[in-house]
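Asker: Mind having a look at this structure? Questions to follow.
No lab work stands behind these numbers, since they all come straight from the coordinates. Computed from a prediction, not measured in an experiment: that's the story for all the values here. Heads up, the Cβs are rebuilt from the backbone with ideal geometry, glycines too, and the neighbour counts pull from every protein chain shown.
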């Protein structure tokens, strides 16, 4: 059996053992029941959120597809996605510039705004530079195996006691409480990563094919020029009074805030290409940087973010709201939505729990 110290040395030096990488991965993400995750991480849902557990179990939904990667360190990468994976269908980064196509075929780039960063390459970064594993997990050698025709060493990784996932963990898709990691025995890169919550698989990412030190065509990292870049539509800061003048629907404001809170108001003119409706955005910012976002649109005009959630009805203070419980308090937003007198209101936060958002929703519904 391979010594753990030798495997750690492989992980720490992986990024120095190749000149380029070309890889094809099979990727599957499981969308878990929110109740199951909360029970495992925080106890019973009613104890975790102070909201009665009256939601039925929801079916798990998988997102699966193929991801192809061409990597030429230190600053060139190309990604192509097939299937239902989220993210860019095509993403290219070369130096400080990047170009991308979404699922609708619209093009994006930072050529006119070079300060705008991108997440192209983030979802696979851990595969080709697995050094963060050494600090994030307790590792144990399990066995030897073979992945994509290459010899590999299988590790079991668990989070250290009381260690919570960090922002970097989420960027690297290192979310779970237990991991199965197959390390290339020669190069030290990851060939397979399985994440689990409470013994149940939440994601499986596995190399189907991988090649090292190949020379790529110059077109591999060339800009996307055959599709015009769709201009971004950005919200602009306005006063609450101005916001009410800009839209046809009634703008509902929260009650007066305590001194440790501030409110910022923005107007979003809508984006037919996204498509996103015209909206007023209220940001409630606490002095400790926690925040709550309130997006208001005309009744019957949902934002795109609403279409990707599993909404369930919930009674609170005698009124019916629709809610989404966070699957992990460190990873996903909680949401509350409702309509009142011609206005559709969406409240979200990844800093406050569902109970807090329901209090805000009830105050807005009452028109306080």
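Asker: How much length is gained on full extension from residue 246 to residue 301, taking 0.36 nm per residue of separation minus their Cα-Cα distance?
Answerer: 18.1 nm
Asker: Residues of segment 277-308 with the amide nitrogen closer than 17 Å to a label point 7 Å from the Cα of residue 351, along Cα-to-Cβ, please.
Answerer: Once the point is set 7 Å along Cα→Cβ of residue 351, 281-295 turn out to lie under 17 Å by backbone N, inside segment 277-308.
Asker: By counting other Cβ atoms within 10 Å of each Cβ, how are 278, 115, 209 ranked from fewest to most?
Answerer: Exposure proxy ranking, most exposed first: 115, 209, 278.
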